[in-house]
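Engineer: Structure in C-alpha cells, see below.
None of the figures in this text is laboratory data; all of them are computed from the coordinates on show. Computed from a predicted model, the values in this text were never measured in an experiment. In this analysis, Cβ positions are derived from the backbone assuming ideal geometry, glycine residues included, and neighbour counts consider all displayed protein chains.
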Ligand code: SF4
C-alpha cells in the first residue's frame with residue numbers, strides 16, 4: 001500500500017512562551033506515515049501537542065524542522081503552499097466558530113471552489129455545493145440557511161462538506177466528536193465511516209477519546225508532550241497497549257464497562273496526575289513524573305523502538321511491564 005502522507009522529523013517550537021531558554025517544544029521530532037485510503041488516529045490528552053501537530057501539517061503553523069510529504073510533494077516548502085492548501089484540508093474542532101455566521105451555507109461551500117478555481121462558473125459551483133451537501137446527508141435546502149440555528153451535528157456535516165470541496169488528498173479531523181452529545185457523536189462517527197468508504201479517504205483523526213479512535217482508524221499513534229510514545233495497528237494497541245501512558249488511556253476508556261476492558265491492558269492505575277504545562281523536560285522520559293513504574297533508568301530519554309511486528313513504543317521497561325509476557 002502506498003504512503004499518502006509522510007511526516008519526517010517534524011518539530012514545532014513556540015518561542016517567547018516559557019521553558020527557560022529555547023521556547024516550548026510543542027511537537028518534537030515526530031515521524032509518521034498514513035497509507036492511501038487509511039485513517040491514522042492521533043491520541044492523547046489535551047495539551048499533548050496533537051492540535052499543534054495537525055495545524056502544522058495544515059500549514060497554519062510553520063514547522064521549526066522536518067518535512068511533510070503528500071505523495072511525492074514536499075508541502076513543508078512554502079512555494080508549494082497553494083497546492084498544499086488544496087491537497088490537505090482541516091476539519092476544525094468547533095464547526096460554528098469556523099463558519100461566518102452572517103453568510104449562508106452556500107457561501108461557505110462555494111468559497112473554497114472560487115479560491116481554488118474549481119468549477120466553470122457560478123451555476124456550476126452552486127450545483128457542486130448542492131452535491132457536497134447531499135454527500136454528507138443534508139438536503140440542498142440548507143444552502144440558503146445561516147449557520148446560526150443549525151445543530152452541532154448539521155454544522156459538523158457542513159464543515160466536512162466544505163473540506164471535501166477541494167477534493168483533498170488528505171483530510172485532517174481535529175476532535176470531530178468533542179463537545180457533542182452521545183446521539184450526535186454516533187451520527188458523526190457514522191458520517192465519517194461512510195465518507196471513508198465512499199471517497200477512499202486518507203485521513204488523520206485527532207482525538208482524546210481512544211474508543212473513538214478504535215472505531216475510525218486502522219493505525220493509532222499515542223502522543224505525550226510533543227512526542228509519539230506508541231504507534232501501530234489500532235486493534236493491537238487497544239488490546240495490548242505497551243506504554244504505561246497508553247495503558248492509562250485504554251484503562252480510563254474501559255473502566256466504565258469492565259466487560260469491555262481488554263484483558264491485556266493491565267491495571268488502569270499505572271499513572272496519575274495531569275499533563276504538565278511548560279513543555280517536555282530536556283532529558284529523561286517526559287512521562288516519569290506521572291508513571292507508577294518510573295525507575296533510575298528513566299532519567300535517560302527512551303527511543304521509539306519496535307516491540308513486535310509494526311508495533312513501536314518508547315519506554316525503557318516495556319518488556320518487563322508487558323502484561324502478556
Ligand atoms: Fe514509565 Fe520509565 Fe517507561 Fe517512562 S520509560 S513510561 S517513566 S517506565
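Engineer: Picking from 130, 283, 163, which is most flexible by a Gaussian network model of the chain using Cα springs under 10 Å?
Structural biologist: In the Gaussian network model the winner is 283.
Engineer: So, one more: Helix-derived [θ] at 222 nm for the chain: sum -39500 (n - 2.57) over DSSP H runs of at least 4, divide by residue count, nearest 500? Numbers along the way, then the final one.
Structural biologist: Values: 9 runs with 95 residues, N = 325.
So the helix-based figure for the chain works out to -8500 deg cm²/dmol.
Engineer: Expressed as a whole number of Å, what is the distance separating the alpha-carbon centroids of region 162-224 and region 1-15?
Structural biologist: When both Cα centres are located, 19 Å separates them.
Engineer: Does region 72-136 come out rounded, prolate or oblate, given a ≥ b ≥ c as the square roots of the eigenvalues of its C-alpha gyration tensor, rounded meaning a/c under 1.5 and, failing that, prolate meaning a/b above b/c? Intermediate results must be reported in sequence, preceding the final value.
Structural biologist: Numbers: a/c = 2.15, a/b = 1.39, b/c = 1.54.
Because a/c hits 1.5 or more and a/b fails to exceed b/c, region 72-136 counts as oblate.
Engineer: Which number do you get for Rg(Cα) / (2.2 N^0.38 Å) in the chain?
Structural biologist: Numbers: Rg = 20.5 Å, N = 325, 2.2 N^0.38 = 19.8 Å.
Output field value: 1.03.
Engineer: Which whole-number percent is the relative contact order of region 279-325 (Cα, under 8 Å, 6+ apart)?
Structural biologist: Details: 38 pairs, mean separation 12.7, N = 47.
After rounding, I find 27 percent.
Engineer: Continuing with the same structure: When ranked by the protection proxy of mean other Cβ atoms within 10 Å per residue, highest first, what sequence do the peptides 197-205, 295-303 form? All intermediate terms of the calculation are to be shown ahead of the outcome.
Structural biologist: Details: 197-205: 18.8, 295-303: 13.1.
Going by the mean number of other Cβ atoms within 10 Å, highest first, we get 197-205, 295-303.
Engineer: If I stretch the segment between residue 118 and residue 301 completely, what's the gain in nm (0.36 nm per residue apart, minus their alpha carbon distance), one decimal?
Structural biologist: Values: separation 183, 0.36 × 183 = 65.88 nm, distance 4.84 nm.
Gain on extension, residue 118 to residue 301, equals 61.0 nm.
Engineer: Suppose R0 equals 56 Å. What FRET efficiency, 1/(1 + (r/R0)^6) with r the Cβ-Cβ distance, do residue 148 and residue 6 give to the nearest 0.05?
Structural biologist: Working: r = 40 Å, r/R0 = 0.71.
After rounding, the FRET efficiency stands at 0.90.
Engineer: Between rounded, prolate and oblate, where does region 133-256 land on the alpha carbon gyration tensor, with a ≥ b ≥ c its root eigenvalues, rounded for a/c under 1.5, else prolate if a/b exceeds b/c? Intermediate values should be presented prior to the final figure.
Structural biologist: On the way: a/c = 2.50, a/b = 1.88, b/c = 1.33.
In terms of gyration-tensor shape, prolate.
Engineer: For the chain, modelled as a Gaussian network with Cα springs under 10 Å, which listed residue fluctuates most, 219, 162, 125?
Structural biologist: 125
Engineer: For the chain, calculate the relative contact order in percent as a whole number, restricting contacts to Cα pairs under 8 Å that are 6 or more residues apart.
Structural biologist: Details: 632 pairs, mean separation 63.2, N = 325.
The normalised contact order for the chain reaches 19 percent.
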